[in-house]
Every structure is written in C-alpha cells, then in structure tokens.
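Okay, structure first, notes after.
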Amino acid sequence: MFQKVLFKTQLEKLMNHCTTTEFSEKTGFNRTYLSKYLNLKLDRPPSPHLLKSIAGSAASYEELMFSCGYLSSTSNVKQHLIKIPVLTPALLKNSPSSVTDMEEYEYMDMRHLSPDHSYFYFKVEGDAMINARIYHGDLAFVRRQTDVASGDIAVVSIAQRDVVLTRIIKKENIVVLQWENPSHPPHILSEEEQNQLQVIGKVLHVKFVVSQ
C-alpha cells in the first residue's frame, strides 16, 4: 500500500531546503509530479527506478520502496520506524523537560538515532532565523541536551517564559542569543538571565516547508 504521507515526509527530508525546481533539476524528478506528491494529490507511487534516483542518506532506497508499497509490511524498514513528536513553543513552555500532550508526529529511522538521547521536532514560529534558512512553520529536529557549544543552534527557554530557537554564542562570561535576521538584534544575557537560561536541546537538522 502506498503510504503517501510517509513518502511526503521522506521527500521533504531528501530536498533539505531545495525548492521543487532545484530538486527536480538535480534528480530528474518531474516538478509537476513532485509538487503533487508533496501536496498528497497522487494515489499512485513513483516507479522503483525513479525512487532509486532520488534515494539518499536522509531516506534510503529501501525506505522509499517501503513507503511506496513495493516492500511488504514485514520489511525490516517498518521495524525500525519510530514516531518523533512534533512540539510547539507553547507545549514546551508549560513542560520543557517532558511533554505528554502530543497530537502530531513525524517518522524517523531509529537506526540513525542514539539510544542514549531523546529527540523531538520543534515547530518554528516567526522569522528570527531566516538567514540560517529556517523559516516559520519549519520543523527543527532537536536532540535533548542541557548544554550546547558556542555557535550551535538550540531550543532554549529563559525563566520558563517564551521558548525560542536561536544561535548560542559564548565568550568568556558572556552569553548571547544570536538571531539570524537583521531586524532581530542579538540579546546579551544579564547574569540573572544566564542563571535562568534553560537549554532544551540542540538542533541537528531542519525539515522545511516546501516552496511551491
């Protein structure tokens, strides 16, 4: 059976911030059909030959074959797929360390993840990180951890107020929240704010909303 929602998720991962035109030129995937698959308007999957041409580290040929129904439900792929929760700033604000009220998920191959960590997708809000090619509505894949290195992009909270996505800059005793948009000036944390800063996790990659 063709699992078109899962296939859409795989396509978005493979595109990795390419536009439909760029991805089409790179892989030979017809742009019109690509847009239709991304908008869940086709009920028949692409051919195995085409799947092989677009497969990559973000979604293997075997995984694409499974989502498109060419491999049976007893395939090894299905055994390795797990649900990753999609969390909004509001959900994390109320309970940054543990969220149980979740309605939205994305699929991920657990073989790409460390069993020593937990993960979630963070639904980006606003335009503060657009120069890092992170836009409103994008899904940032986050590994939960309580500290990050200088220069890392992270999901953070200060005094359990707003939960935001930002780049963390550290220099001696100074910590800066560095936005990637000229209209959002960097914020140098006071000593009190540094003590109240909670790093929720480090961004590993971003799944973007496809440009049509």
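Scalar couplings 3J(HN,Hα) for the stretch 145-152, obtained by applying the Karplus form with A = 6.51, B = -1.76, C = 1.60 to θ = phi - 60°, are 6, 9, 8, 9, 7, 4, x, 6 Hz; x denotes Gly and Pro.
When the chain is treated as a GNM with alpha-carbon contacts under 10 Å, the residue of Gln196, Gln178, Gln145 showing the greatest mean-square fluctuation is Gln196. For Lys41, the lysines whose Cα falls under 28 Å of its own Cα, not counting residues fewer than eight places away in the same chain, are Lys4, Lys8, Lys13, Lys26, Lys52, Lys78, Lys83, Lys123, Lys207.
GNM on the chain, alpha-carbon springs under 10 angstrom: the most fluctuating residue among Thr166, Thr21, Thr88 is Thr21.
The residues Phe2, Phe23, when put in order of fewest to most other Cβ atoms within 10 Å, stand as Phe2, Phe23.
In the Gaussian network model of the chain, springs joining C-alpha atoms below 10 Å, which of Leu113, Leu139, Leu165 carries the largest mean-square fluctuation? Result for the chain, Cα springs under 10 Å: Leu113 fluctuates most.
Computed from point charges on the beta carbon alone (+1 for Lys and Arg, -1 for Asp and Glu), the dipole magnitude for the chain about its Cα centre is near 800 Debye. The phi-based Karplus calculation (6.51 cos²θ - 1.76 cosθ + 1.60; θ = phi - 60°) puts the 3J(HN,Hα) values of the stretch 171-186 at 8, 6, 9, 9, 10, 10, 8, 9, 8, 10, 7, x, 7, 10, x, x Hz, whole numbers, x for Gly and Pro. Close amide H contacts of Asp152 (hydrogens built in the peptide plane, cut-off under 5 Å, sequence separation of 5 or more or a different chain): Ile168. The H on the amide N of Val86, modeled in the peptide plane, is under 5 Å from the matching H of Glu104, Tyr105, Glu106, Tyr121, each at least 5 residues off or on a different chain. For the chain, evaluate the Debye formula with one uniform point scatterer on each Cα (no solvent term) and list log10 I(q)/I(0) at q = 0.08, 0.10, 0.17 Å⁻¹, rounded to two decimals. Debye intensities relative to I(0), on a log10 scale: -0.32, -0.50, -1.17. Around the amide H of Gly56, modelled in the peptide plane, lie the amide H atoms of Tyr61, all under 5 Å away and 5 or more residues distant in sequence or on another chain.
Cβ under 12 Å from Cys68's Cβ, Cys68 left aside: what net charge do those residues give with Lys, Arg +1 and Asp, Glu -1? Summing Lys and Arg as +1 and Asp and Glu as -1 gives +1.
Each value in this text was obtained by applying a stated rule to the coordinates, not by laboratory testing. Given the structure is predicted, the values throughout are model-derived calculations rather than measurements. Note that each Cβ is placed from the backbone with ideal geometry, even for glycine, and that neighbours are counted across all protein chains shown.
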